[in-house]
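Undergrad: Dropping a structure here in structure tokens format, bear with me for questions.
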Amino acid sequence: MRPSSLLMAVWSFAERGDERLHIEVIAYKSSGPARAKDFYEAFFRAISRIDDGATECVIAMAAQAGVGLPARARQYGSSWKRIGQAFPELKIWLVDGRAKTVRKTGWGDWARK
């Protein structure tokens, strides 16, 4: 199976105490337009979980996707920042499966890069 034909996204809830995380997972794709489409779909699915009680709405993606996030944030300028302000529970996690690491960032963190 080619990477571009992998499942686009899955979601799950994780709970601990008063925390309830909704996590959207995006598989890495080599096609730029497919990556953008998956990102925006995951964004809307993530924020739609706020009404379900999510205290954090996470978009988790491959670590290499982080290379393009600063440019994406710059492309949208103040709109990117305003999304982060409107949805402080919105997070982006960059997952490196080989190194077994997760870099947890806020949405607004990418506007400062």
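Undergrad: Ranked from the most accessible area to the least, with a 1.4 Å probe and all protein chains present, what is the order of PHE44, PHE39?
TA: Working: PHE44 130, PHE39 5 Å².
Listed by decreasing accessible area, they come as PHE44, PHE39.
Undergrad: As I understand it, the dipole of the stretch 39-82 uses +1 on the Cβ of Lys and Arg and -1 on the Cβ of Asp and Glu, about the Cα centre. Which of ALA62, TYR76, ALA46 lies farthest toward its positive end?
TA: Sorting the options by dipole projection puts first TYR76.
Undergrad: Take every Cα pair under 8 Å in the chain that's 6+ residues apart, average their separations, divide by the length, and report that relative contact order as a whole percent.
TA: On the way: 180 pairs, mean separation 24.6, N = 113.
Computed value for the chain: 22 percent relative contact order.
Undergrad: Let me check something: with ligands and nucleic acids excluded, how do VAL58, VAL25 order by accessible area (1.4 Å probe), largest to smallest?
TA: VAL25, VAL58
Undergrad: Under a crude label model (7 Å from the Cα following the beta-carbon direction), how far is GLN64 from ALA14 in nanometres?
TA: Label at GLN64, label at ALA14, 2.4 nm between them.
Undergrad: To the nearest 0.05, what FRET efficiency results for ARG72 and SER30 with a Förster distance of 25 Å applied to their C-beta separation?
TA: In this case the efficiency is close to 0.90.
Undergrad: Classify the stretch 69-113 as rounded, prolate or oblate, taking a ≥ b ≥ c as the square roots of the eigenvalues of its Cα gyration tensor: rounded when a/c is under 1.5, otherwise prolate if a/b is larger than b/c and oblate if not.
TA: Oblate.
Undergrad: Under the Karplus relation 6.51 cos²θ - 1.76 cosθ + 1.60, θ = phi - 60°, what is the ordered set of whole-Hz ³J(HN,Hα) values for the stretch 86-92, x standing for Gly and Pro?
TA: Per-residue couplings from phi come out as 6, 10, x, 7, 7, 10, 10 Hz.
Undergrad: Oh, and also: At 222 nm, what helix-only mean residue ellipticity would the chain give, in deg cm²/dmol to the nearest 500, using -39500 (n - 2.57) for each DSSP H run of four or more?
TA: Computed mean residue ellipticity for the chain: -9000 deg cm²/dmol.
Undergrad: Also, quick follow-up: Take the Cα of LYS81, step 7 Å along the line toward its Cβ, and report every residue of the stretch 39-69 whose backbone nitrogen sits under 20 Å from that point.
TA: Once the point is set 7 Å along Cα→Cβ of LYS81, 69 turn out to lie under 20 Å by backbone N, inside the stretch 39-69.
Undergrad: Can you give me the orientation-averaged projected area of the convex hull built on the Cα atoms of the chain, in nm²?
TA: If I average the Cα hull's projected area over directions, I get 7.4 nm².
Undergrad: Shifting gears a bit: Treating only the Cβ of Lys, Arg, Asp and Glu as charged (+1, +1, -1, -1), what charge dipole size does the chain show about its Cα centre? Round to the nearest 20 debye.
TA: Its charge dipole is roughly 640 debye.
The values are calculated or read from the model by the stated rules, or taken from the named source; none is laboratory data. Given the structure is predicted, the values throughout are model-derived calculations rather than measurements. Note that we place each Cβ from the backbone using ideal geometry, even for glycine, and neighbour counts take in every protein chain shown. Each accessible area value is taken on the protein alone, full model and side chains, heavy atoms only, with ligands, DNA and RNA left out. Shrake-Rupley method; radii C 1.70, N 1.55, O 1.52, S 1.80 Å.
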